[in-house]
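Okay, so here's the structure we're looking at.
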Amino acid sequence: MEEQFYLLFPLLLMTRMRPAVLTGVLIVLFFVSLGLSQWGSVHEPEVNFFFTPSRVWELMAGALCAIWLISRSPKPSEPLAIIGLAMIVAAIILFDTSTPFPSVYTLLPVLGACLVLMFAHPSTYVQKLLSCAPLVGIGLISYSVYLWHQPLFVFARLHFGPELTLLQIAILILATFVLSYFTWLWVEQPVRKAEYRWSRTRGQVLALSAVGMLASVIAFAALDNEKRYLAGLTPRQIEYLPYLRYEADLRDAEDGGSGSCNGNEDFSVEDCLILSDTRANVLLIGDSHASHFHDAFVAVYPEVSIMQATASGCRPLLNYDGKQPCTDLARTLLESFIPEADLDAVIVSGRWKSRDLEAVGITVAHLTEHVPNVIVMGPTMEYTTDVPLILMKYADSGLATIADIAMSVRREDRAEVSQSMAEATIANGARFVDVQEYLCSEERCRLFTPNGDLITYDYGHFLQEAAIWLIGEVRNSGAIRLEDLGG
């Protein structure tokens, strides 16, 4: 993103606009980019992070600071400098993985940095603090730190497991700084000062870079990396390997189909929502945490007609929050098809979040007005690390160790969300199925079915065999009695 900005921004400066006009253009671009960033944080969060137009406002803020200072003598301001530093520190403390980024929240550290740049001049305490030797030293090696920390932590997690101890983290941080210092000393500084003959001309640097990239391409093309990978696996890891590939195989199978009742843009009411004249009609709606149950319901309840209207990332709630294809599908189901179809039952399932509780209650109340049987499937257990990765890493350590590792990376909020979902569902006249009740005790959760099939192929989606086993357990317990419908 920075590289694209550095290529395009000079072209804007070369237009030789008057300073006032250029400032106006930059301000407009700033707010347009910020607006796009906020929209993307809601509708396309993954794309938003890497999308230059939705990130350029952050660098534009610095450009506006530079233009402001060019025509004015720097005026130090202790209060504004302190406020700026406090905004940066507040972002470090308050922001976490749930904070949309980039978004309007990002204004906090960005504007804080702007205040520091414009007002923390040599006469201020903030400038003296930021100019102390340790902080300046960190600044000098910061790029090397940026390059070193990621591979060090990735390989450490691959070797020691996803959850590192505080001692391991401390050692990795120390190693990062030590390696970064020597990289700065022996690589960055010599290249910048052109002390070596090979780095004195741009042509030689480009030639060496081209040779290095070409050698990498040839190496990856020539080596049979899969064969080398398989040769290094133990028999137990080879046994678990299909689980590691399950998601990719499933995606390939879905892509190879012609049309789908698990999708938003290619969803067809005519093909997917076909009412039966001879069997009770049941509609399964929700996101991917609903679709992984569809084949299981069909297998376990052959006496009823199970229709599917699901889409990944799309929870069918009346607040209509999400991407347009999701909201379009939800409107079709909730406002048109379900009220008019005379269904016998609706099953709602999703990757529920605590913020969904109010919308779930409203949606369930709406559904019970039109359908005699409304069933809400509770959230399943989830892990911060995909279960197949844990299996592959600890394959030879025994199932007890694997189960302990999985529990250490289990998301603790799922049980609380399930309890709240149950209360919201039952209060609005629907039946609630606690999925985790069939899978988890207080000590640990099942990783395999009694038949030896893995439960989840990633962080929380069910393999088909596991879903069939689970829905079979649900039927046997009497929690869902679809067999009694239409009798």
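The values are calculated or read from the model by the stated rules, or taken from the named source; none is laboratory data. Here the structure is a predicted model, which means the values were calculated and not measured. Backbone-built Cβ (ideal geometry, glycine too); neighbour counts: all protein chains shown.
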Q: For region 235-253, name all the residues that are modelled with pLDDT under 80 and surrounded by 12 or more Cβ atoms within 10 Å (Cβ to Cβ).
A: L250
Q.
Restricting to region 76-122, and then to whatever is of a type in the set (S, T, Y) and within 24 Å of the chain's Cα centre (by Cα), can you tell me which residue is farthest from S41 (Cα to Cα)?
A. T97
Q: Please specify each residue of region 1-43 satisfying the condition of being more than 19 Å from L107 (Cα to Cα) and of a type in the set (G, A, S).
A: A20, G24
Q: With respect to V47, determine if the residue is loosely packed, with under 13 Cβ neighbours inside 10 Å, free of Cβ contacts under 8 Å to residues at least 60 places away in the same chain and not assigned by TED's automatic domain parsing to the domain that holds D321.
A: yes
Q) Which number in (1) modelled with pLDDT of 95 or more; (2) surrounded by fewer than 21 Cβ atoms within 10 Å (Cβ to Cβ); (3) not β-branched (V, I, T) marks the one condition that Q324 misses? A) (1)
Q | Single residue of region 91-130 satisfying the filter (among the polar types (S, T, N, Q) and either touching a residue at least 40 places away in the same chain (Cβ under 8 Å) or not assigned by TED's automatic domain parsing to the domain that holds R55 (or both)) that is farthest from A61 (Cα to Cα) | A | S123
Q.
Anything in region 70-122 that is modelled with pLDDT under 85 and part of a helix (DSSP H, G or I)? List them, or say none.
A. I70
Q: Filter region 21-56 down to residues that are more than 20 Å from the chain's Cα centre (by Cα) and β-branched (V, I, T) and give me whichever is farthest from C326 (Cα to Cα).
A: V21
Q.
Between a residue in region 405-424 that is in the same structural domain as T384 (by TED's automatic domain parsing) and any residue that is among the β-branched types (V, I, T) and surrounded by 15 or more Cβ atoms within 10 Å (Cβ to Cβ), which pairs come within a Cβ distance under 7 Å, given they are 6 or more apart or on different chains?
A. I405/I390; A406/V387; A406/I390; V409/T385; M421/V360; M421/V376; A424/V360
**Q.** region 397-417 - residue that is more than 19 Å from Q237 (Cβ to Cβ) and acidic (D, E) and, of those, modelled with the lowest pLDDT
**A.** E412
Q.
If a residue must be at pLDDT 95 or above and over 24 Å from S408 (Cα atoms), how many such residues does region 432-463 contain?
A. 2
